[in-house]
Amino acid sequence: MPLSLTEFNHFYIINKVCGLEKQRHYLESIGFVTGKQVTILTELNGYYVVMVKGSKIGLDKALAKKIIV
């Protein structure tokens, strides 16, 4: 299921990162790697605040849809 459809404040394990090679590389470089734990903390104006590897990161919905948990 895409990260954008998950519940807030629940932990999930990343199964796959989809999208174009450039998008996948960007997401992997900021910590969205298969097997890592991720959670959505909140949503603000179409952007998600996501915690991965102990860091809070802002993602838009389009990128959140590319992360499969």
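The values are calculated or read from the model by the stated rules, or taken from the named source; none is laboratory data. Computed from a prediction, not measured in an experiment: that's the story for all the values here. A quick note on method: Cβ atoms are made from the backbone with ideal geometry, for glycine too, and the neighbour counts reach across all protein chains shown. We work out accessible area using only protein heavy atoms, side chains counted, and drop any ligands, DNA or RNA first. Shrake-Rupley method; radii C 1.70, N 1.55, O 1.52, S 1.80 Å.
In the context of the full set of protein chains, the stretch 22-62 has a per residue accessible area of 62 Å² (1.4 Å probe).
May I ask you to work out the translational diffusion coefficient for the chain at 4 °C, viscosity 1.567 mPa s, via Stokes-Einstein with Rh from the Kirkwood sum over Cα pairs, reported in whole µm²/s? Result for D is 112 µm²/s. Length available on full extension from Lys65 to Glu21: 0.36 nm per residue minus the Cα-Cα distance, which gives 14.3 nm. Each residue of the stretch 60-69 was assigned a 3J(HN,Hα) from its phi angle through the Karplus curve 6.51 cos²θ - 1.76 cosθ + 1.60 (θ = phi - 60°); the sequence is 7, 4, 4, 6, 4, 5, 7, 9, 9, 10 Hz, with glycine and proline shown as x.
Computed over protein heavy atoms with a 1.4 Å probe, the carbon and sulfur contribution to the accessible area of the stretch 1-67 reaches 53%.
Note on the chain: dipole from Cβ charges, positive end direction compared against Val49, Val33, Phe8; the farthest Cα belongs to Val33.
Full extension of the chain segment joining Phe8 with Lys36 gains 8.4 nm, where the gain is 0.36 nm per residue of separation less the Cα-Cα distance. Maximal additional length on extending the Lys53-Glu28 stretch stands at 7.8 nm, based on 0.36 nm per residue less the C-alpha distance.
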